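The values are calculated or read from the model by the stated rules, or taken from the named source; none is laboratory data. A quick note: this is a predicted structure, and the numbers were derived from the prediction, not measured. When we count neighbours, we look across all protein chains shown, and the Cβ atoms used for this are built from the backbone with ideal geometry, even at glycine.
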Amino acid sequence: NAGVTQTPKFRVLKTGQSMTLLCAQDMNHEYMYWYRQDPGMGLRLIHYSVGEGTTAKGEVPDGYNVSRLKKQNFLLGLESAAPSQTSVYFCATYFTGSGANEQFFGPGTRLTVL
Amino acid sequence: EDKVVQSPLSLVVHEGDTVTLNCSYEVTNFRSLLWYKQEKKAPTFLFMLTSSGIEKKSGRLSSILDKKELSSILNITATQTGDSAIYLCAAPNSGGSNYKLTFGKGTLLTVNP
């Protein structure tokens, strides 16, 4: 089992460029999340999904869009990247039947916007 | 709005020291509190606490929840350089079919040899 994987691992963009980050999971978890992590800020929720075809806004959704067309994939899009979106992005999943309340995290994507 | 506050934000100790990290929370529909350790990459799960006063232990790490004080502590005894990491505290807010974690800003622990 690969668990939670993220593509790409690193990316450098110029201001105004667009890109999509892919999160893939093979654990059949219903819930998926996108977080960003900035120094001294902990993890902040961007968007999340409670199942295939559903998405919802988190704490810091502006400038991002998401889609969950398949249960195993959760895409995070930046339509027009800005330097303020320089961050490390983490995807996470959760299984409602686990009883553990634990979210499982991917390895992260380090994005730099120049 | 849910809130999780950690203190201190950073801490530098020497190997062998004992450290205590603090987490306080204000969360609707409180169910549990989670601790994660984050080294260079993704956070890894340490503990989930649901009941007051019951200590969870794993090796040199232990944690306890105080629901009266809305807080939790994470203790690390006989620290090692490998304990250097960001320690994150989080609380889930489950309302209906939605499930989200609110994270604190983390405590950056540096253990010097």
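Only residues that are within 14 Å of chain A (Cβ to nearest Cβ), among the charged types (D, E, K, R) and either out of contact with any helix residue (DSSP H, G or I) (no Cβ under 9 Å at 6 or more places or on another chain) or more than 20 Å from residue B:92 (Cβ to Cβ) (or both): list them for segment B:35-71, please.
Within segment B:35-71, B:39, B:40, B:41, B:56 meet the criteria.
Within segment B:12-113, which strands (runs of 3 or more DSSP E) (wholly inside it) include 2 or more residues that are surrounded by 17 or more Cβ atoms within 10 Å (Cβ to Cβ)?
B:19-26, B:33-38, B:44-49, B:61-66, B:71-76, B:85-95, B:98-103, B:107-112
With the structure loaded, tell me whether residue A:112 is buried (at least 22 other Cβ atoms within 10 Å of the Cβ) and outside any loop (DSSP other than H, G, I, E, B) or whether it fails that test.
no
When you go through B:3, B:100, B:37, B:41 one by one, which is the residue that is at pLDDT 95 or above, among the basic types (Lys, Arg) and under 30 Å from residue A:109 (Cα atoms)?
Going through B:3, B:100, B:37, B:41 in turn, just one is at pLDDT 95 or above, among the basic types (Lys, Arg) and under 30 Å from residue A:109 (Cα atoms): B:37.
How many residues does segment A:76-90 hold that are within 10 Å of the chain's Cα centre (by Cα) and surrounded by 21 or more Cβ atoms within 10 Å (Cβ to Cβ)?
So the count comes out to 3.
Need a quick list: strands (runs of 3 or more DSSP E) entirely within segment A:1-107 having at least 2 residues that are more than 14 Å from chain B (Cβ to nearest Cβ) and not polar (S, T, N, Q).
Strands (runs of 3 or more DSSP E) meeting the threshold: A:10-13, A:19-25, A:73-78.
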